[in-house]
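Data block below; observations after.
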Amino acid sequence: MTVIDFPAPTTPTHPTSATARSRHRGSPPTVTLRELGHGETAVLDAVFAGLSAHSRYLRFHGATPRMTGAVRRKLAAVDGRRHLAVAAFAPDGTPVGIARLMSTGLREVELAIEVVDAWQGRGVGRRLLTAVASRGRAQGYSRLVADVLAENVGVRVLVASVLPVIAVETAGHVVTLTAALRPATPLAAVA
Ligand SMILES: CC(C)(COP(=O)(O)OP(=O)(O)OC[C@H]1O[C@@H](n2cnc3c(N)ncnc32)[C@H](O)[C@@H]1OP(=O)(O)O)[C@@H](O)C(=O)NCCC(=O)NCCS
């Protein structure tokens, strides 16, 4: 199992507002991140159980009182290349969040991320996104796409605070964010 050594952030990488700051609940907790292996359904189940109905709605884009068998199998089918997932664990080992990338093309991956409600607003989402983006980069992906509900300000701010967003498209109530995983190649280097 790959343990990802990723330091806790010390300074925010985006302009903070009074509202965003007020989300923090005390000092940053210590969570451990590691890459999920194939078939770790217990981790999926624990994180799903810790999501409120509203968080499930935001994550799955609809009321999701339970994970169907098909969805559970799909989410557990990580392979470390075309489907990567990083999970966060509380000091007592309880799973508290997962960020995953699923390949949608040679260079493009789609993001899904969730943090259990009790741990939201403590920097776990930022650490998960940074870690999974780093894994995606290492696998050669250059673009990350996230389809998010327009009302989901939290994930929109999160993505933009971690990665350079290069396109935003809105179709109905879904906003598609495209972010760069690699810096653009300087023109001088390709001339
Ligand atoms: C979106 C989500 C993953 C964020 O995780 P989190 O651990 O709460 O996020 P963090 O504490 O790491 O926040 C990192 C930054 O994101 C932004 N952010 C996160 N949630 C926010 C919110 N509700 N409002 C405004 N900004 C928010 C802030 O910039 C924050 O930094 P700051 O607190 O230093 O200002 C989490 O709220 C969640 O799981 N939501 C339900 C599922 C979901 O919406 N998934 C995304 C769809 S795929």
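A few comments on the model shown:
- Sparse-neighbour loop sites [trypsin sites (Lys or Arg not before Pro); the range 36-71; at most 14 other C-beta within 10 Å; DSSP]: 66
- Summed residue charge, Cβ within 14 Å of residue 97's Cβ, Lys/Arg positive, Asp/Glu negative: +2
- Stretching residue 32 away from residue 171 to a fully extended chain increases their span by 46.4 nm, per 0.36 nm per residue minus the current alpha-carbon distance.
Values in this text are rule-based calculations from the coordinates and carry no lab data. All of these numbers come straight from a predicted model, not from anything done at the bench. All Cβ positions, glycine included, derive from the backbone under ideal geometry; neighbour counts span all protein chains shown.
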